[in-house]
Amino acid sequence: MEKYELLYDLHTHTTYSHGKGSVEDNVRAAMNRGLSYIAISDHGPGHLFYGINRNDFIHLKNDIEKMNVKFPKLRVKMSVEANTVHGGNGLDIRPDEFEEFDFIIAGFHFGLFGCSSVRNWLWSHGIRFGEDKLRESNTQMIIHALRSNDIAILTHPGDKGPFDIRAIAEVCAETNTLMEINCRHDHLTEEEIRIAAEVPGTMFILSSDAHVPEAVGVCDAGIRRALSAGLDPERIVNIRRVPEEEAKEEA
């Protein structure tokens with residue numbers, strides 16, 4: 001199997017939400033991995049247990065600006081992993097808050113009101129009554145968020161509940177939203193990758209979803225999953241094939 005490496009990592013967490021390291025910890029880890037740039041994308045503020053505090057947006061921005069001065073060879077971006085919900089604009093980030101960030105990524109999580117959190121938690125633990133209706137509700141929640149907002153990446157599609165991956169992939173292609181192959185969670189799974197890849201125009205991205213600095217840029221398992229699913233590497237925006245002679249030198 002050919003060797004590939006990650007170029008940049010746009011989904012990492014810090015102590016501003018559910019992560020264990022500081023912004024600088026993640027930046028240093030990204031540099032050690034040889035990444036070209038990194039995004040800090042802490043959980044959206046609507047999460048009841050570990051969302052970023054809206055009052056910390058400015059502090060996170062200041063930290064990132066300091067990192068871009070301190071480490072000029074590495075670009076550091078400010079993002080947020082918004083949470084999808086029913087109603088409104090479909091996210092726990094308000095439209096007027098989008099300007100706070102370089103870009104927005106978003107995905108479904110437990111721990112919020114307005115997203116069938118309890119029903120999905122029960123489903124994920126084997127209590128699967130009403131599965132068809134829940135799948136339709138979840139899928140429409142994601143589609144509404146995608147069409148109502150400029151979302152750069154849909155994080156770990158298919159995780160934590162039943163979803164119609166093909167329908168979601170069609171809208172991701174329509175809205176130019178990257179579908180994430182998450183290296184911390186199992187989604188997209190191999191089967192989900194195959195389903196999404198059948199939709200023309202769907203593009204993918206690998207992310208570490210790092211919650212500890214040492215996980216930043218670590219995506220070998222995700223690369224293997226994508227290649228095992230038969231996904232054309234050209235459809236993954238943030239990897240490159242390592243030339244054979246370079247791979248031999250590393251070995």
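How would you rank Tyr8, Tyr37, going from fewest to most other Cβ atoms within 10 Å of each one's own Cβ?
Ascending number of Cβ neighbours within 10 Å: Tyr37, Tyr8.
Please report the orientation-averaged projected area of region 4-250, defined via the convex hull of its C-alpha atoms, in nm².
Reported value for the Cα convex hull: 13.1 nm².
Only Lys, Arg, Asp and Glu count, each charged at its Cβ (+1, +1, -1, -1), so figure out the dipole size of region 131-216 about its Cα centre, rounded to 20 debye.
Dipole about the Cα centre, nearest 20: 180 debye.
In square nanometres, what is the average projected area of the Cα convex hull of region 28-137?
8.7
In deg cm²/dmol, rounded to 500, what helix-only [θ] at 222 nm does the chain give when every DSSP H run of at least 4 residues adds -39500 (n - 2.57) and the total is split over its residues?
After summing the helix terms and dividing by the residues of the chain, the value is -10000 deg cm²/dmol.
Label Leu122 and Asn62 with points 7 Å out from Cα along Cα→Cβ: what is the distance between them in nm?
With each label point 7 Å from Cα toward Cβ, the separation is 4.6 nm.
So which trypsin sites (Lys or Arg not before Pro) in region 16-86 end up in coil per DSSP with only 15 or fewer other C-beta atoms within 10 Å?
Taking region 16-86 and a limit of 15 other Cβ atoms within 10 Å, the loop trypsin sites (Lys or Arg not before Pro) found are Lys20, Lys73.
Where does each of Val199, Val216, Val118 land when they are ranked from fewest to most other beta-carbon atoms within 10 angstrom?
Val118, Val199, Val216
Work from the charge dipole of region 51-191 (Cβ charges, +1 for Lys and Arg, -1 for Asp and Glu, about the Cα centre) and give the residue of Ser124, Ile64, Met141 farthest towards its positive end.
Ile64
Name the cysteines of the chain that stand alone by the Cβ rule: no other cysteine Cβ under 4.7 angstrom.
Cys115, Cys172
Could you list Leu122, Leu231 so that the one with the fewest beta carbons within 10 Å of its beta carbon is first and the one with the most is last?
Leu122, Leu231
Under 19 Å between alpha carbons, and skipping anything fewer than 8 positions from Lys133 in its own chain: which lysines qualify?
Lys160
Please list, in chain and number order, the residues 5+ apart from Tyr4 or on another chain whose amide H is under 5 Å from its amide H, with Hs placed from the backbone.
Amide H neighbours of Tyr4, under 5 Å, 5+ apart: Val242.
Please list, ordered by chain and number, the residues whose modelled amide H lies under 5 Å from the amide H of His185; skip anything fewer than 5 residues away on the same chain.
Placed amide hydrogens put nothing under 5 Å from His185.
Restricting to bridges with both residues inside the chain, how much of the DSSP beta-bridge set is antiparallel, in percent to the nearest 5?
15
Long-range amide H contacts for Ile93: which residues qualify at under 5 Å (H placed 1.01 Å from N, peptide plane, sequence gap of 5 or more or a different chain)?
Under 5 Å from the amide H of Ile93: Asn83.
For region 103-111, just list the computed ³J(HN,Hα) in residue order, Karplus coefficients 6.51, -1.76 and 1.60, θ = phi - 60°, integers in Hz, with x standing in for Gly and Pro.
6, 10, 10, 7, x, 8, 9, 6, x
Mind putting a number on the dipole of the chain about its Cα centre? Charges go on the C-beta only, +1 for Lys and Arg and -1 for Asp and Glu, and I need it in Debye to the nearest 20.
Roughly 380 debye, rounded to the nearest 20.
Please build a GNM for the chain, connecting alpha carbons under 10 Å apart, and tell me which residue among Thr189, Thr202, Thr15 fluctuates the most.
It is Thr15.
Evaluate the charge dipole of region 33-103 about its Cα centre and quote only its size in Debye, nearest 20, assuming +1 on the Cβ of each Lys and Arg and -1 on the Cβ of each Asp and Glu.
460
Tell me the relative contact order for the chain as a rounded percent, counting alpha carbon contacts under 8 Å between residues six or more apart.
Relative contact order for the chain comes out at 22 percent.
Rounded, prolate or oblate: which one fits region 1-89, using the alpha carbon gyration tensor with axes a ≥ b ≥ c (rounded when a/c is under 1.5, else prolate when a/b beats b/c, else oblate)?
Oblate shape, in that a/c is at least 1.5 and b/c is the bigger or equal ratio.
None of the figures in this text is laboratory data; all of them are computed from the coordinates on show. Treat the numbers as computed from the prediction; the structure is a model and nothing was measured. With ideal geometry, Cβ positions are generated from the backbone for all residues, glycine too; neighbour counts draw on all protein chains shown.
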